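Working notes, beginning with the structure itself.
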């Protein structure tokens with residue numbers, strides 16, 4: 001049974017390469033909403049997440065909302081175990097599949113099929129699993145013969161199709177999604193949507209970051225409102241959206 | 001991605017109210033990273049192979065350009081410097097070619113590994129994989145390139161067969177490569193971390209390698225060095241590591257002092273790597 005437990009977790013980034021201290025303090029507070037503090041070595045630290053305690057359980061479909069820089073992506077990366085908490089404890093049970101940023105890791109010189117293999121391997125599929133699913137992935141992309149052409153010949157929409165289809169082929173317990181809807185043409189969006197819904201239904205826990213209220217109300221049964229790296233509200237989706245909009 | 005293991009990895013004591021399980025130490029987490037990096041060998045082997053293939057994707061000769069450019073370099077260098085130093089081509093040519101093969105492997109490991117983590121930034125920030133995997137990827141890539149390069153020794157073995165022989169000592173190439181690989185991983189992790197944290201390191205390493213090339217007997221024979229200046233090679237780890245490749249390629253018996261130096265460097269590297277990797281592993285992603 002999948003489970004995520006955060007116990008007073010904080011994530012603080014050191015920020016290097018900033019010279020003017022007074023300006024950067026000001027700027028960071030404006031731009032990130034995060035709290036900017038200095039550590040002992042006089043490095044500027046951005047507290048992207050501050051003392052967060054949460055528990056997600058089987059069946060939770062959590063919509064992540066908040067302004068730019070409120071910590072949504074950081075939280076997703078934390079849950080994807082890419083970031084490790086700088087304070088507090090994080091416990092995760094279950095196989096995670098992050099769909100955070102689809103494009104990096106695409107080799108444009110390689111063909112679509114080759115990219116399917118590489119990305120599949122990186123995301124933990126075995127060669128056999130990839131072979132079994134290759135047709136299904138190819139079908140979902142709807143790219144047909146283009147799959148045997150180098151990815152550099154693709155349009156950006158076609159690249160998104162490919163990337164999405166590969167990521168969606170993994171059957172995770174915990175699915176983390178960061179704003180990936182809305183690419184491709186109408187036909188693909190519909191296909192992707194159906195695939196997404198089936199993925200969402202198969203996953204034990206879903207955490208979805210988005211700015212679209214529609215998606216939240218449609219897919220999620222809980223919402224988490226972040227503000228300046230802290231939990232502002234966690235619970236009912238409608239209430240969360242209301243607080244979010246009233247405040248803004 | 002096997003998250004069951006990551007779960008224990010990351011962390012953490014199951015905080016069920018008051019029950020706090022023992023948390024794995026930084027040392028254990030670092031060791032786990034190294035182990036799972038090794039276990040995922042199929043992935044880094046694939047990536048390394050891909051890297052080599054990609055570089056020559058649209059060229060007709062493909063990766064054999066590596067061999068060709070190496071051949072042009074060493075043969076022309078051998079000819080030119082052989083005459084410049086008035087040395088006997090019979091001995092100088094094989095010495096230089098074998099030395100250059102060793103040097104090209106070691107120097108490319110040094111400079112590429114410093115960039116190993118920064119260049120994989122987009123992957124590191126997207127998919128959780130052991131950090132050591134990215135080091136293996138680069139180290140393996142250079143080993144693959146080395147095996148392309150090594151072909152240039154074949155004509156030398158044929159033409160100068162009195163000096164460069166294939167014999168029992170040629171087999172020493174295997175442990176030699178293995179030792180270089182182990183050091184590539186341990187020092188590679190350290191350099192990779194330094195390169196990620198301080199972006200100047202890459203430039204520093206690159207210029208140090210230039211200097212090391214001239215200080216190490218590759219173009220010049222160590223015999224030419226007066227007795228009192230021998231310390232230049234005696235305390236030069238590059239010399240010992242180049243010799244790990246050069247001696248077997250020429251079929252000559254490696255000196256024991258080489259292995260003493262290599263052992264010291266290897267042990268030091270593993271110690272340094274474990275210290276630094278344990279301490280800073282969790283910070284790496286924030287540096288990128």
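The values are calculated or read from the model by the stated rules, or taken from the named source; none is laboratory data. Owing to the predicted nature of the structure, the values given are computational and were not obtained by experimental measurement. For neighbour counting, all protein chains shown are included, and Cβ atoms are generated from backbone atoms with ideal geometry for every residue, glycine included.
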Query raised in the report: part of a helix (DSSP H, G or I), surrounded by 17 or more Cβ atoms within 10 Å (Cβ to Cβ) and within 14 Å of another protein chain (Cβ to nearest Cβ) - does that describe any residue in the range B:55-63?
Result: no
Requested in this report: Evaluate the range B:26-33: report whether one residue or more is part of a loop (DSSP other than H, G, I, E, B), at pLDDT 80 or above and away from chain A (no Cβ under 14 Å).
Outcome: no
Query raised in the report: In the set B:251, B:192, which member is in contact (Cβ under 8 Å) with a residue 40 or more places away in the chain and under 20 Å from residue B:101 (Cα atoms)?
Result: B:251
Query raised in the report: Does residue B:10 fit the bill of being modelled with pLDDT of 80 or more and under 24 Å from residue A:78 (Cα atoms)?
Result: no
Query raised in the report: Just for the range A:47-73: of the residues that are in a loop (DSSP other than H, G, I, E, B) and on the phi > 0 side of the Ramachandran plot, which one is nearest to the other protein chains (Cβ to nearest Cβ)?
Result: A:71
Query raised in the report: Does the range B:42-54 hold any residues that are in contact with a helix residue (DSSP H, G or I) (Cβ under 8 Å, 6 or more places away or on another chain) and either surrounded by 15 or more Cβ atoms within 10 Å (Cβ to Cβ) or away from every other protein chain (no Cβ under 12 Å) (or both), and which are they?
Result: B:43, B:44, B:45, B:46, B:47, B:48, B:49, B:50, B:51, B:52
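Yes/no matrix, rows are residues, columns are (1) touching a strand residue (DSSP E or B) at 6+ places or on another chain (Cβ under 9 Å); (2) more than 7 Å from chain B (Cβ to nearest Cβ); (3) surrounded by fewer than 19 Cβ atoms within 10 Å (Cβ to Cβ); (4) not in a strand (DSSP E or B):
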residue	(1), (2), (3), (4)
A:109	yes, no, yes, yes
A:113	no, yes, yes, yes
A:116	no, yes, no, yes
A:139	no, yes, yes, yes
**Report entry** Complete set of residues in the range A:141-163 that are within 14 Å of another protein chain (Cβ to nearest Cβ) and free of Cβ contacts under 8 Å to residues at least 24 places away in the same chain
**Finding:** A:153
Query raised in the report: Only one of A:120, A:88, A:66, A:71 is buried (at least 20 other Cβ atoms within 10 Å of the Cβ), in contact (Cβ under 8 Å) with a residue 12 or more places away in the chain and more than 15 Å from the chain's Cα centre (by Cα); which?
Result: A:120
**Report entry** Unique residue being in the same structural domain as residue A:144 (by TED's automatic domain parsing), crowded, with 23+ Cβ neighbours inside 10 Å and touching a residue at least 12 places away in the same chain (Cβ under 8 Å) when the list is A:170, A:166
**Finding:** A:166
Query raised in the report: Looking at the range A:210-224, which of its residues are surrounded by fewer than 22 Cβ atoms within 10 Å (Cβ to Cβ) and at pLDDT 85 or above?
Result: A:221, A:222
Report task. Among the residues of the range A:141-153, write down those that are at pLDDT below 85 and not in a helix (DSSP H, G or I). Result -> A:142, A:143
Requested in this report: Might you check whether a residue that is more than 10 Å from chain B (Cβ to nearest Cβ), modelled with pLDDT of 80 or more and part of a loop (DSSP other than H, G, I, E, B) occurs anywhere in the range A:169-179?
Outcome: no
Requested in this report: For residue A:76, work out the one condition from (1) touching a residue at least 60 places away in the same chain (Cβ under 8 Å); (2) not in a helix (DSSP H, G or I) it doesn't fulfil.
Outcome: (2)
Report summary line: Residue count, the range A:88-107, condition outside any strand (DSSP E or B), in contact with a helix residue (DSSP H, G or I) (Cβ under 7 Å, 6 or more places away or on another chain) and within 7 Å of another protein chain (Cβ to nearest Cβ), comes to 6
